[in-house]
């Protein structure tokens, strides 16, 4: 295999870094690239380039920003299979899931192109207040300046798109710091956007360690907003470093589903398996907790376990692979220890609960695992597993089920399957989460919908147009029109 070498993308060109590090395949362990390791000074240079570019880019008409984003979507579509292969290689994402991510990325940039033409304000009724007569008031939205984006490994194209697309649509400039595990996907964007006509300096990509670059990206005086997707612990650090700057923090999750009395299990098992084990459970809203009405509990556990055990295990480049390597040794060791802890605390391992490295022919492969009778204090129930593990508990009343879901410190998305409209509306009202999905899994997401959490799941809202609003400043214009 020929090793790829990648530098930093700053001001519309490749910029050689002083330091570099090897990137390895999560599945095979082979070296796949040599990646630039930016220093704080090199990250600051990218921020300064973005700030300089903003002075002109903020004036670029909406139709031109839209055209650039549409063109990027076209270029990605033309290279769909090539880019999916990059995701499969660096993230160990099964190739079918990698293709699905590229398709969503195309859609995200198209939504961003549409959003660029839909940034509006509103009239303010000035004479609704005494003293407001003979005055005309309205609002406009202006770009805020340099946005820094720190992105995770699990959707290396689409979660970058959810930050880059809205920033460019709004007239901002951006510096992206992708995950150390998946830098290649983000680095490909530089030349794609340049080919699409984006002015130099509007998009910059710096790779390297978050521990080294984090403070520069969050506290540099030219940075106006920080958008971060990742763990709650790192999100807290970023918020402290960012101070009064705007932040969007999409943090941890512990997505839960209620399976209510009367639910047709034939209609839900496959969806639950997809939600729990898709991309090895390494999805922010992966289905991690299921509370099932006692009348369905035994059948649900048995059928979900059978579905999990039937998932094909193997190399990520094989067309039928569903379960493959976790992103790192550390991730596999953590999942292993948490399942062992749960079992020691009384959980029943119905299926899985072990490594499958030899069976899969690769590294860090953990079996899709279903746990029953889990202690609520176990990490697999109370924290974010980020692995192919789902835990199931029974309930007797809807109030009990809602209370079980709400006891988590996380609240990104939750879901309920129910044939009872009253139960559906009650769950929608009472579940404490950023979104409630009715008659589907909480792993459901489409890219234009609002997406953000409550409690320790973060602050701010993504989803293209919602992100645009968070990346613009509302300004009042007030005219005195007469006496």
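Please treat every number below as a calculation from the coordinates, not as lab data. No experiment lies behind these values; they were computed from the predicted model shown. All Cβ positions, glycine included, derive from the backbone under ideal geometry; neighbour counts span all protein chains shown.
Figures for the structure shown
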| read-out | value |
| --- | --- |
| Förster radius 35 Å - calculated FRET efficiency between residue 127 and residue 407 (Cβ-Cβ, nearest 0.05) | 0.10 |
| Contact order relative to length of the chain, as percent, for alpha carbon pairs under 8 angstrom and 6 or more apart | 18 percent |
| Mean Cα-pair separation over length for segment 186-304, i.e. relative contact order, pairs under 8 Å, 6 or more apart, % | 19 percent |
| Förster radius 25 Å - calculated FRET efficiency between residue 136 and residue 59 (Cβ-Cβ, nearest 0.05) | 0.50 |
| Residue 477-residue 340 FRET efficiency (beta carbon distance; Förster radius 56 Å; 0.05 resolution) | 0.35 |
| Mean Cα-pair separation over length for segment 255-446, i.e. relative contact order, pairs under 8 Å, 6 or more apart, % | 28 percent |
| Potential extension, residue 3-residue 446 segment - 0.36 nm per residue separation minus Cα distance | 156.0 nm |
| Packing-based order for 140-151, 339-350, using average beta carbon neighbours within 10 Å, highest first | 140-151, 339-350 |
| Alpha carbon centroid spacing (whole Å) that separates segment 43-75 from segment 133-172 | 11 Å |
| Rounded, prolate or oblate (a/c below 1.5 giving rounded, otherwise prolate when a/b exceeds b/c) for the chain by Cα gyration tensor | oblate |
| Ordering of 14-23, 174-183 by packing [mean C-beta count within 10 Å, highest first] | 174-183, 14-23 |
| Ranked packing of 116-123, 412-419, 370-377, most packed first, by mean Cβ within 10 Å | 412-419, 370-377, 116-123 |
| Between helix 294-309 and the chain: long-axis angle, C-alpha atoms, 0 to 90°, nearest 10 | 80 degrees |
